[in-house]
Amino acid sequence: MISKLFSGIIIMLVALSELNAFAGVPPALSEAATAGIRLFTGQKPFENGGAACISCHSVNSIKAVGGSLGPNLTAVYKQLGKNGLNIVLKSIPFPTMKPIYQNRPITEKEKTGLISFLRYSSKPEINRNKGQDLFMYAAAVFAILIIFMSIIWRNRLSGVRRTLIKKA
Ligand code: HEC
């Protein structure tokens, strides 16, 4: 009985730690990505005076809603990759962005920051629905509890049955 209880507790602890890994702690922001956020949102002005990206773009990892002239850039790192973004931010092939950055080029360092920020923002664990996570977490804890109780309960039943059999 004690060993069954003990193994039940172990199972529960392992399951809980698995669950924690599943819930995923958001990865830490690198220094470059932090600089990228500040540039993107305009907290830090571009060296050559270009406009903050947020005036035309949103990114879901930032709570503030950006302008809607340009597309949402949450998944753009997945679509274009590091090289694609490097090319876009260097040659600025879009007619809307070109007049703003053509004569106010984004520096290499700024580009690196923006790209690592966009890479960070594209990670699925950043964009998961927190409410849904909480629900899943609660459901999983409940399921584990049921399994745990059934382990103890099964023992108790068999214990009762054993004494009944003995009596018979
Ligand atoms: C004046 C508004 C404006 C500003 C400011 C601006 N953009 Fe854009 N951007 C656009 C528009 C509009 C498009 C879409 C062009 C198209 O699809 O023809 C675009 C497209 C892009 C794309 C390509 C998206 C895709 O899905 O292919 C990237 C990447 C991008 N912008 C990054 C940035 C970054 C980084 C900044 C800040 C340095 C920035 N933009 C600033 C308007 C802007």
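The table for this structure:
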item: In segment 65-80, residue surrounded by the most Cβ atoms within 10 Å (Cβ to Cβ) [restricted to those that are hydrophobic (A, V, I, L, M, F, W, C), assigned to a loop (DSSP other than H, G, I, E, B) and in contact with a helix residue (DSSP H, G or I) (Cβ under 7 Å, 6 or more places away or on another chain)]; result: L73
item: Subset of segment 42-66 [within 23 Å of the chain's Cα centre (by Cα) and within 12 Å of the ligand (Cβ to nearest atom)]; result: C53, I54, H57, S58, V59, G66
item: Checking A51 against (1) surrounded by 13 or more Cβ atoms within 10 Å (Cβ to Cβ); (2) modelled with pLDDT under 95, the condition it does not meet; result: (2)
item: Residues of segment 24-53 classified as among the aliphatic types (A, V, I, L, M) and in a loop (DSSP other than H, G, I, E, B), total; result: 5
item: Matching residues, segment 110-126, being more than 9 Å from the ligand (Cβ to nearest atom) and either in contact (Cβ under 8 Å) with a residue 24 or more places away in the chain or surrounded by 12 or more Cβ atoms within 10 Å (Cβ to Cβ) (or both); result: T112, G113, S116, R119, Y120, S121, S122, K123, E125, I126
item: Residues satisfying the stated conditions in segment 81-99, i.e. surrounded by fewer than 17 Cβ atoms within 10 Å (Cβ to Cβ) and either outside the structural domain of F46 (by TED's automatic domain parsing) or within 6 Å of the ligand (Cβ to nearest atom) (or both); result: V88, F94, T96
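The values are calculated or read from the model by the stated rules, or taken from the named source; none is laboratory data. Not measured: the values here are computed from a predicted model. Counting neighbours? That spans all protein chains shown, and the Cβs are built from the backbone with ideal geometry, glycine included.
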